[in-house]
Structures are given as structure tokens and as C-alpha cells.
Amino acid sequence: MFAFKVRLWETASRCPAIVAQPARIKKNATGSSIQVVSNYICSMDFNTDVENSLSVLQAGGLILYPTDTIWGIGCDATNPEAVRKIYELKKRPETKSMIVLLADERDLLQYVANPDLAVFDYLDSVTRPTTVIYEHALGLADNLVNEDGSIAIRIVQETYCKHLIKRFRKPIVSTSANISGEPSPRTYGEVPAVIKDQVDYIVHYRRDDTTIAAPSSIVRWERGQVSVIRP
């Protein structure tokens with residue numbers, strides 16, 4: 001079996017105060033082992049954080065990461081097995097779809113059939129992160145798409161998310177880092193221990209950010225008309 005180890009590329013000379021707990025072994029979507037070194041106490045390089053996230057996403061694992069709204073649980077949005085892991089972790093029914101993040105407007109053309117380009121003018125006019133529910137999803141995990149074929153997508157501006165998605169070259173899932181029905185964490189410190197313990201990698205970037213965050217607005221875009229689902 002292929003063993004994949006997520007390494008934190010910090011040397012003792014660069015970060016003498018590294019402390020690590022024993023590695024955890026998890027299975028990826030193909031049944032291979034992912035060995036995850038976790039709980040390092042160290043300031044990490046931004047690119048290293050991205051590389052570690054990429055390795056886990058590519059292996060079908062789950063990450064805990066900061067978004068343009070609240071901290072989220074993420075995975076490869078085209079991998080149904082990875083998506084299933086999030087539903088199980090959150091104890092969330094698969095009938096409740098999750099949000100997909102994209103890095104650029106042009107990416108929408110790959111994952112939504114014939115989107116109304118006027119939506120971009122609308123998004124330029126809003127002042128807060130806004131998730132749009134589009135009709136006719138394409139190329140995403142079946143268990144991520146609503147029964148009517150629609151999908152909730154947000155084009156992100158947040159530095160880490162945008163860079164990670166561009167490097168991954170695929171969309172990633174974003175869902176609040178909580179058990180379904182419990183309050184959404186407004187900061188990293190509010191993320192429940194059960195979530196932190198069950199994901200395969202926790203991003204270091206912005207862990208110390210104590211700015212109170214809120215979920216995005218959600219609207220439905222249908223035939224050129226906007227319906228507000230969540231202000």
C-alpha cells in the first residue's frame with residue numbers, strides 16, 4: 001500500500017520550538033494510507049501550508065482551513081468519496097448540499113452549464129462574500145449537487161483560498177467547521193475539538209486571527225433574477 005506522509009518542512013534551525021504528537025494513519029479514497037503529522041507548534045511558511053493542503057486534497061483527505069467567511073472543512077469537490085467523509089464528520093444528511101469554492105470567474109464556465117454572465121455584474125455590486133446557487137451543475141461530485149441539479153458556488157477573494165484553489169486546479173468544498181445543527185465557529189478557537197481531531201490537515205495560516213467572522217450571503221440566480229436565500 002502506498003504510504004503518503006504530509007511533512008511540515010520546518011527544520012530545527014528555522015523553528016527550534018517544534019513539538020509534534022504521534023502521526024495518525026488514515027485511508028484515502030483509493031484505500032491507500034495517508035500518514036499525517038499533526039499538532040506542530042511553529043510558525044509556518046505560507047507556501048508550505050499550501051503544499052501540505054494540496055497533498056491532502058490530492059489524496060482524498062479533509063482539510064480545516066480559513067475562508068473569506070468562517071473556518072471551513074474542505075475537500076476535492078470532484079471526489080465523491082472525499083465529499084462523503086465531510087457528511088459523515090459533520091453528521092449532515094447528504095440531502096443538504098454544501099458550498100463549492102472557485103478562484104476565478106472563468107472557472108464557473110467549467111462547472112455550470114451556460115451560466116448567465118450577468119451574474120458577474122451582480123457580484124461586482126455586492127459588498128460581502130456572496131454564494132450563488134446556479135442551475136445545471138457540471139463535473140462535480142454527484143453527492144454534492146442538489147437533487148434539482150443546482151449547486152452553490154462562491155468565487156473567493158481571500159488570499160489563502162484563492163492561491164490554494166489555483167494550485168489545486170479544481171474546486172474545493174467549503175462547509176462550516178461544526179457538527180450539523182451546532183453553532184458555526186466565528187474564529188479558529190471556536191472550532192470544536194472533534195472536528196480538529198478528525199480532519200487530515202489543519203492550516204496554520206490565520207489561526208491567530210480573532211476577527212469575528214460570519215457566513216456568506218446566499219442567493220439563487222435563475223433566469224436573470226436574484227432571490228435572496230440568506231441575507
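Bear in mind these aren't lab numbers, they're just calculated from the coordinates by the rules spelled out. These figures come from a predicted structure and were not determined experimentally. Cβ placement follows ideal geometry from the backbone for every residue including glycine, while neighbour counts extend to all protein chains displayed.
Please report TYR188, TYR65 as a ranked list, fewest other C-beta atoms within 10 angstrom at the top and most at the bottom.
Numbers: TYR188 22, TYR65 27.
Result, fewest neighbours first: TYR188, TYR65.
Counting other C-beta atoms within 10 Å, which of TRP221, TRP71 has the fewest, and how do the rest follow? Display every interim value, and only then the final one.
Numbers: TRP221 21, TRP71 28.
Ascending number of Cβ neighbours within 10 Å: TRP221, TRP71.
Lys and Arg at +1, Asp and Glu at -1: add these up for the other residues within a Cβ distance under 10 Å of ILE179 and post the number. Provide the component values of the computation, followed by the final result.
Values: positive: LYS90, LYS91, ARG92; negative: GLU182.
Within the 10 Å Cβ shell, the charges total +2.
If neighbour count is taken as other Cβ atoms inside 10 Å, put PHE46, PHE168 in order from fewest to most.
Fewest-to-most Cβ neighbours within 10 Å comes out as PHE46, PHE168.
Packing-wise, with mean Cβ within 10 Å as the measure, how do 149-157, 84-92, 110-118 rank, highest first?
Details: 149-157: 19.7, 84-92: 18.0, 110-118: 14.9.
Ranking, from highest mean packing down: 149-157, 84-92, 110-118.
Quick one: dipole size for segment 43-230, taken about the Cα centre, charges +1 on Lys/Arg Cβ and -1 on Asp/Glu Cβ, in debye to the nearest 20.
Details: 21 positive and 26 negative charges, 45 e Å.
With only Lys, Arg, Asp and Glu charged at Cβ, the dipole is about 220 debye.
Among the listed pairs LYS90/LYS196; LYS96/LYS162; LYS85/LYS196, give every one whose C-alpha distance is greater than 23 Å. Provide the component values of the computation, followed by the final result.
Working: LYS90/LYS196 12 Å; LYS96/LYS162 25 Å; LYS85/LYS196 14 Å.
In this structure, LYS96/LYS162 lie more than 23 Å apart at Cα.
Viscosity 0.890 mPa s, temperature 25 °C: what is the translational diffusion coefficient of segment 43-230 from Stokes-Einstein with a Kirkwood Rh over Cα pairs, rounded to a whole number of µm²/s? Don't jump to the answer; show the numbers that get you there.
Details: Rh = 16.5 Å.
Diffusion coefficient, whole number: 148 µm²/s.
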